[in-house]
Amino acid sequence: MSGYEVEHGIQPQPQDQQPRRRPDLTTFFATLDHVDTSGARQPQNTHALPMPRDISAAFRNLANAYEMMRSSDGHVEPSDSSDELLGRLVESLMESAEHPPPEVQGVSDEYIEQLERVPKKKLRENMSCPICGNAFLEDSHPLVVKLPCQGEHAFDLECIQPWIKLNPTCPMDRQQLIKKKTVPPPPPDEEDGEYDEMFG
Amino acid sequence: MAAPLPKRIIKETERLQNEPVPGISALPHDDNARYFDVMVEGPGGSCYEGGVFNLELFLPDDYPMTAPKIRFLTRIYHPNIDRLGRICLDVLKNNWSPALQIRTILLSIQALLGAPNPEDPLNEAVAKQWKENQAEAIKTAREWTALYATAKK
Ligand SMILES: [Zn+2]
Ligand SMILES: [Zn+2]
């Protein structure tokens, strides 16, 4: 599990059908693990990029997950539009698996560790996390961090982490948190339309 | 069977019902709370005025880390919307942020109807027509709106 339970020495609560505080990102992290090249995860050979086949595998895994959601839906009517939708998502993920992006931009684990914590006593009733929308104090062990942006925007650590691992910007003001990595020029085919593009 | 919904999705859905945005509605499916039937009215004064456009919206597993998936079901003549209803809108792509919400995205889409941008086209043919003969393009957009986007009672 994530750092939250470890940090506070608590067991994750059985959650039954209660709403979860945030989306299930297990798939996301498993996926990211293979293609994350930030900080200490940087490969020995600095020119080495994640294997395109690993990036592809990540997309393919998600496609498989969606495919499972389709068939687990029980009733499959010919006119089931959500089933149709998932079908198209799967198709576009498979497309991305065939044309993976060269590298994942994002902050390192070290960067996340040194983010400024906001102690519980400084949190107010009316302060909430902009990502999950929940009041920080609704959580009995809030783990809140401040980003080094102009607005010093605060988030649940667990909510902001996945975002800045992929996109090193503050979600509120879009301020860049770290310098952009230099990425090799994209492959010449300008067929941007193929990427994830069943939907705009 | 299905995993419980994150609170954020529940809150957003409640707010969409309780404080609806004028000219916009989004209703989740009974059997899939991540899949919404969306209706957007063409903005007044635009060539889509009087039209009621249906869209489908899907919240992926990792929403709000990734943007909602959304597309037009109703046919529309617009330089930034292609034949399949896919939408070219920065906030659905590189400019997505988890601080954005379903309602902000739908407002952006409604604004896009009021301000077609042929310089950033998704539909090359429509964008070309828009640049070469705007009056004709706007006339076609009005005709399509009357033909495909009139509300079914
Ligand atoms: Zn949060
Ligand atoms: Zn900020």
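Contact map, segment B:65-91: first residue in contact (Cβ under 8 Å) with a residue 24 or more places away in the chain, second residue of a type in the set (Ser, Thr, Tyr) and not in a loop (DSSP other than H, G, I, E, B), Cβ cut-off under 7 Å, separation 6 or more or different chains; pairs are B:Thr74/B:Tyr148; B:Arg75/B:Tyr148; B:Tyr77/B:Thr140; B:Val91/B:Ser108. When restricted to residues that are touching a Cys at 6+ places or on another chain (Cβ under 7 Å) and within 6 Å of ligand 2 (Cβ to nearest atom), segment A:152-175 contains 4. Quick one: is A:Lys181 closer than 20 Å to A:Leu32 by Cα, modelled with pLDDT under 90 and not in a loop (DSSP other than H, G, I, E, B)? Considered against the rule, which asks whether it is closer than 20 Å to A:Leu32 by Cα, modelled with pLDDT under 90 and not in a loop (DSSP other than H, G, I, E, B), A:Lys181 comes out as no.
Residues that are of a type in the set (Asp, Glu) and surrounded by fewer than 19 Cβ atoms within 10 Å (Cβ to Cβ) occur at least once in segment B:98-120. Filtered by the rule that a residue be free of Cβ contacts under 8 Å to residues at least 24 places away in the same chain and over 13 Å from the mean Cα position of the chain (by Cα), segment B:36-59 gives a lone residue, B:Gly44. Selection of segment B:74-98 for residues being under 13 Å from the mean Cα position of the chain (by Cα), within 14 Å of B:Ser108 (Cβ to Cβ) and within 7 Å of chain A (Cβ to nearest Cβ) yields B:Ile87, B:Cys88, B:Leu89, B:Leu92. Could you please find all residues in segment B:40-54 being closer than 17 Å to B:Leu106 by Cβ and buried (at least 22 other Cβ atoms within 10 Å of the Cβ)? Once the filter is applied, which keeps residues that are closer than 17 Å to B:Leu106 by Cβ and buried (at least 22 other Cβ atoms within 10 Å of the Cβ), segment B:40-54 yields B:Val40, B:Gly42, B:Tyr48, B:Gly51, B:Phe53.
The values are calculated or read from the model by the stated rules, or taken from the named source; none is laboratory data. Since the model is a prediction, treat every value here as computed from it, not as a measurement. Glycine also receives a Cβ, built like all others from the backbone with ideal geometry; neighbour counts cover every protein chain displayed.
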